[in-house]
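Read the structure below first, then the notes.
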Amino acid sequence: MLNRVVSPGEVNRILKGLGFKLYYDCYDFPRPDPKPHPNWQSESLAAVSMYRNGEEVDAQEECDEIRIGYLLATLDSALIDPYLALLDKLRDALGGQHHPEAGVARAPYTQSLAALKKG
């Protein structure tokens, strides 16, 4: 959750400034690794969902919550760390607060996600 309602223009400036791409009514973040990669793998590192008062909205509307999804089923586990770094940058750009356990929690999540990808 954001601590305020954010206009579509502000969201656009922040997300595009971080490298997100706008596709008419939704955003995603392209993979940072060079092509080619296997056909089954996604071209995107992260997908963006935006909400206002608990209802999903598109990129042309105000929002008070932004969720960033990691495309686990279609990405190599080597992209987990770049994804987590992207979350940190986005939180900072939106004026979010660091969770007290953020530095501690990263390793277990990375290990869990990597184990899921291998299994």
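The values are calculated or read from the model by the stated rules, or taken from the named source; none is laboratory data. Everything numeric in this text was worked out from a predicted model, so none of it was measured. Note that each Cβ is placed from the backbone with ideal geometry, even for glycine, and that neighbours are counted across all protein chains shown.
If you go through the stretch 60-69, how many residues are in contact with a Phe, Trp or Tyr (Cβ under 9 Å, 6 or more places away or on another chain), surrounded by fewer than 18 Cβ atoms within 10 Å (Cβ to Cβ) and touching a residue at least 24 places away in the same chain (Cβ under 8 Å)?
Initially, the stretch 60-69 is screened for residues in contact with a Phe, Trp or Tyr (Cβ under 9 Å, 6 or more places away or on another chain), giving 60, 63-68.
After this cut, where a residue has to be surrounded by fewer than 18 Cβ atoms within 10 Å (Cβ to Cβ) as well, the list is 60, 64-65, 67.
Those left that are additionally touching a residue at least 24 places away in the same chain (Cβ under 8 Å): 60, 64-65.
Qualifying residue count, the stretch 60-69: 3.
Output the residue which, of all residues in the stretch 27-36 that are surrounded by fewer than 16 Cβ atoms within 10 Å (Cβ to Cβ) and not basic (K, R), is modelled with the highest pLDDT.
To start, the set of residues in the stretch 27-36 that are surrounded by fewer than 16 Cβ atoms within 10 Å (Cβ to Cβ) comprises 30, 32-36.
Now drop any that are not not basic (K, R), which leaves 30, 32-34, 36.
Values: P30: 92, P32: 86, D33: 82, P34: 77, P36: 83.
Taking the candidates together, the pick is P30.
Give me a count of the residues in the stretch 6-26 that are without any contact (Cβ under 8 Å) to a residue 24 or more places away in the chain and surrounded by 16 or more Cβ atoms within 10 Å (Cβ to Cβ).
Here the count works out to 0.
Among the listed residues N39, N3, identify the single one that is assigned to a loop (DSSP other than H, G, I, E, B), exposed (fewer than 13 other Cβ atoms within 10 Å of the Cβ) and in contact (Cβ under 8 Å) with a residue 60 or more places away in the chain.
Values: N39 fails: in contact (Cβ under 8 Å) with a residue 60 or more places away in the chain.
It is N3.
I'd like to check something: does the stretch 100-119 contain any residue that is among the aliphatic types (A, V, I, L, M) and modelled with pLDDT of 80 or more? Please lay out each step first, then the result.
Restricting attention to the stretch 100-119, the residues satisfying the condition of being among the aliphatic types (A, V, I, L, M) are 102, 104-105, 107, 113-116.
Still in the running and modelled with pLDDT of 80 or more: none.
Scanning the stretch 100-119, I find no residue that is among the aliphatic types (A, V, I, L, M) and modelled with pLDDT of 80 or more, so the answer is no.
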